[in-house]
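Below: the structure, in structure tokens.
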Amino acid sequence: MIQGSTRRTVLATGAAALVAGCSDANTDGGSSSPSSAAPSAAGTEAAPAEKPAAPAGEELARTADIPVGGGKVFTEQKVVVTQPKKNEFKAFSAICTHQGCTVSRVANGSIECPCHGSAFRADDGSVSHGPAQQPLEERRISVEGNTIRLT
């Protein structure tokens with residue numbers, strides 16, 4: 001005797017099909033046409049994947065945008081650029097080493113995380129106030145004329 005499908009079986013089968021369809025979709029790097037893209041079960045597209053860190057060579061800022069003794073957080077690129085001394089620019093990951101929050105600002109020579117109060121020195125990314133115990137990862141930048149770029 002064959003039983004009818006249970007809700008659990010239907011959901012598991014649908015989930016497996018969705019995963020299989022996603023892993024095979026667009027593997028050639030090209031774009032898929034709207035007619036070939038299948039909508040999700042709810043009729044809406046899935047949330048986009050997290051944007052990767054900024055690619056090398058991307059212009060982040062003009063030197064005039066980074067105040068001496070301060071800095072600027074580039075949330076989208078996950079980078080913070082500081083100018084500890086006139087014409088000396090540094091860059092660090094904007095991801096706090098405590099629990100992965102994005103740092104929010106640079107003030108008084110300190111890169112600050114809003115989540116749990118960690119602070120890092122703007123001149124070298126080292127921890128100046130916990131709970132973070134690891135420094136911010138240094139990022140490579142180049143300054144050409146008035147342009148700051150990731151390298």
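Picking from GLU88, GLU76, GLU138, GLU144, which residue would you name as being of a type in the set (Asp, Glu), in contact (Cβ under 8 Å) with a residue 40 or more places away in the chain and under 24 Å from GLY57 (Cβ atoms)? So that I can check it myself, show each step before the final result.
Working: GLU88 fails: in contact (Cβ under 8 Å) with a residue 40 or more places away in the chain; GLU76 fails: in contact (Cβ under 8 Å) with a residue 40 or more places away in the chain; GLU144 fails: in contact (Cβ under 8 Å) with a residue 40 or more places away in the chain.
After applying the criteria, what remains is GLU138.
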How many residues of the stretch 62-101 are buried (at least 16 other Cβ atoms within 10 Å of the Cβ) and assigned to a strand (DSSP E or B)? The answer is 16
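Scan the stretch 88-136 for residues that are of a type in the set (Gly, Ala, Ser) and more than 17 Å from ILE66 (Cα to Cα) and jot them down. Before the answer, list the steps.
Here is the first cut: in the stretch 88-136, the residues of a type in the set (Gly, Ala, Ser) are 91, 93-94, 100, 104, 107, 109-110, 117-119, 122, 125-126, 128, 130, 132.
Selection gives GLY100, GLY117, SER118, ALA119, SER126, SER128, GLY130, ALA132.
Residues in the stretch 26-41: is at least one modelled with pLDDT under 50, touching a strand residue (DSSP E or B) at 6+ places or on another chain (Cβ under 9 Å) and farther than 15 Å from PRO135 by Cα?
Taking every residue of the stretch 26-41 in turn, none turns out to be modelled with pLDDT under 50, touching a strand residue (DSSP E or B) at 6+ places or on another chain (Cβ under 9 Å) and farther than 15 Å from PRO135 by Cα.
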Of the numbered conditions (1) under 16 Å from the mean Cα position of the chain (by Cα); (2) closer than 13 Å to THR82 by Cα; (3) surrounded by 13 or more Cβ atoms within 10 Å (Cβ to Cβ), GLU138 satisfies every one except a single condition; which is it?
-> (3)
Residues in the stretch 64-92 that are among the hydroxyl-bearing types (Ser, Thr, Tyr) and modelled with pLDDT under 95: how many?
-> 1
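The values are calculated or read from the model by the stated rules, or taken from the named source; none is laboratory data. Only a predicted model underlies this, so the values are computations on that prediction, with no experimental measurement involved. Here Cβ is always computed from backbone atoms with ideal geometry, including for glycine, and neighbour counts include all displayed protein chains.
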